[in-house]
Amino acid sequence: MNTYLLSFADSVDSIEKAIFVLFGVPFDSTSSYRKGSKFAPNAIRDASYNFEAWMFEHQLDLSEVCLYDAGDLYELGSVEEMLSETKKTVREILDIGAFPIMLGGEHSVSPAAISQFKDIGVLHIDAHLDFRDEYMGCKNSHACASRRASDFVGIKNIVPMGMRSISKEEIEDVKKKGLRFIDAYKIHEIGIEIAVDQALKYMKNNKRIYLTLDIDGIDPAYAPGTGTPEPFGLTPFDIKKLIAKVADRLVGFDLVEVSPPYDNGNTSALAARIVKEVIAQVYKKNKNIGKK
Ligand code: MN
Ligand code: MN
C-alpha cells in the first residue's frame, strides 16, 4: 500500500480507531475509450478539502467520525494482480470490523471487492449495463463489471440502475440469465425513490447492500470527467436520495471511473462530496457500523 499521499479530508491517523477505511485503486488498463481513472483517487482526495467538515443538513461533524485513509494499492501490471490485491485489502478492512470505501480506478475492480462479502445485494449505478461476459478477450474488463459481480452474489442479488447504453448481445443475456435492471429513462419517469424500492424488492438479499457507483451513471453535465460519458443520466440529487434510502443497510461502497484528465474539477468535487455523503448517512443510520 502506498501511503505517501495526501489523505482524504477529516481522516484520522490510526487504523485502530477507524469505523470507515478508504483506499484507492489506481488502475485503468482495461478502459476501452478514454483512460485516466488511475489518477482519480488523488484527485478526489484533493477535492475533499473543498468542503466543510460540518455537514449542516446531517447535523454531523465529520472530523468526529473515524475515517482512516489507507492510501493506494501499488499499480501492478495485470488486472488479475490488481483484483487479488483489492480482495486482500477489502478482506483486511472487513476483518477489523470497518466499513470499506474504495476509490477507483476503473469498474473492473469492483467485483473483487464485492467477492469478499457474504449474503449481500448489490446496487450497480452506471450509464452502461457492464453485463458482457467478456470484452476484447478480457473477462475482467470494466465492461464486464456487473456480470462478474453476479458470479459472486448471484443474478437475483444485483440490480443495475441508470443505464442509457446497452448492447444487443447484453439484452439477450439479460433475458437468458434473468437479470433485473432499471434504466435511466424509467428512473426519470418514476423517480429515484420508487426505483430504489423496486430494486430492493427484486433482490433476495436486500438487508445488506453494497453500492458500486460508476460516476458515468450521473449525467455528464454534472460529471464530465469520465472515460465513457453518456447523456440523459441521473442527477447528483438522485444519488443523494438513493444513499439516504439504503444507508441503514449499506455494508460497503465504491466509486469508480472518474477520469481527472477529462475533468474541469467538478467531477472530482462531486465524487468527494458523495463519499462524504455516504460516510455521514451510514454513520447516522446504520446501527451495525463501528461495533467491533
Ligand atoms: Mn461501469
Ligand atoms: Mn459506465
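Nothing in this text is a laboratory measurement; each read-out follows from the coordinates by a stated rule. These numbers were taken from a predicted model, which means no experiment stands behind them. Every residue, glycine among them, receives a Cβ derived from its backbone with ideal geometry; neighbour counts consider all protein chains shown.
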### Message
Restricting to segment 136-194, give me the number of residues that are surrounded by fewer than 19 Cβ atoms within 10 Å (Cβ to Cβ), of a type in the set (V, I, T) and free of Cβ contacts under 8 Å to residues at least 24 places away in the same chain.
### Response
3
### Message
Looking at the structure I just gave you, is D214 more than 13 Å from ligand 1 (Cβ to nearest atom), buried (at least 19 other Cβ atoms within 10 Å of the Cβ) and under 20 Å from A47 (Cβ atoms)?
### Response
no
### Query
Can D197 be described as farther than 25 Å from S32 by Cα, away from ligand 1 (no atom under 14 Å from the Cβ) and of a type in the set (D, E)?
yes
### Message
Checking V12 against (1) surrounded by 20 or more Cβ atoms within 10 Å (Cβ to Cβ); (2) more than 30 Å from K139 (Cβ to Cβ); (3) out of contact with any helix residue (DSSP H, G or I) (no Cβ under 8 Å at 6 or more places or on another chain): exactly one of these is not met. Which one?
### Response
(1)
#### Entry: Unmet requirement for E92, which otherwise passes all of (1) surrounded by fewer than 24 Cβ atoms within 10 Å (Cβ to Cβ); (2) within 16 Å of ligand 2 (Cβ to nearest atom); (3) among the acidic types (D, E)
(2)
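Residues are listed down the side, and each one gets a yes or a no for (1) under 20 Å from the mean Cα position of the chain (by Cα); (2) of a type in the set (V, I, T); (3) within 13 Å of ligand 1 (Cβ to nearest atom):
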residue	(1), (2), (3)
Y185	no, no, no
I190	no, yes, no
K201	no, no, no
K204	no, no, no
I209	yes, yes, no
G225	yes, no, no
### Query
Which of the residues spanning segment 151-177 are more than 16 Å from ligand 2 (Cβ to nearest atom) and under 20 Å from the mean Cα position of the chain (by Cα)?
D151, F152, V153, G154, I155, K156, N157
### Query
Does segment 15-33 hold any residues that are over 22 Å from L83 (Cα atoms) and buried (at least 17 other Cβ atoms within 10 Å of the Cβ), and which are they?
A18, I19
### Query
Would you say S110 is under 16 Å from V251 (Cα atoms) and away from ligand 2 (no atom under 16 Å from the Cβ)?
no
### Query
Which members of segment 127-161 meet the condition of being assigned to a helix (DSSP H, G or I) and touching a helix residue (DSSP H, G or I) at 6+ places or on another chain (Cβ under 7 Å)?
H142, A145, R148, A149, F152, V153, I155
### Message
Looking at I171, I182, I125 in this structure, which one is in contact with a Gly (Cβ under 9 Å, 6 or more places away or on another chain), among the aliphatic types (A, V, I, L, M) and more than 29 Å from G77 (Cα to Cα)?
### Response
I182
### Query
What are the residue pairs meeting all of these: first residue in segment 217-236, first residue aliphatic (A, V, I, L, M), second residue more than 12 Å from ligand 2 (Cβ to nearest atom) and assigned to a loop (DSSP other than H, G, I, E, B), Cβ atoms under 8 Å, and 6 or more apart or on different chains?
I218/T235; L234/D219
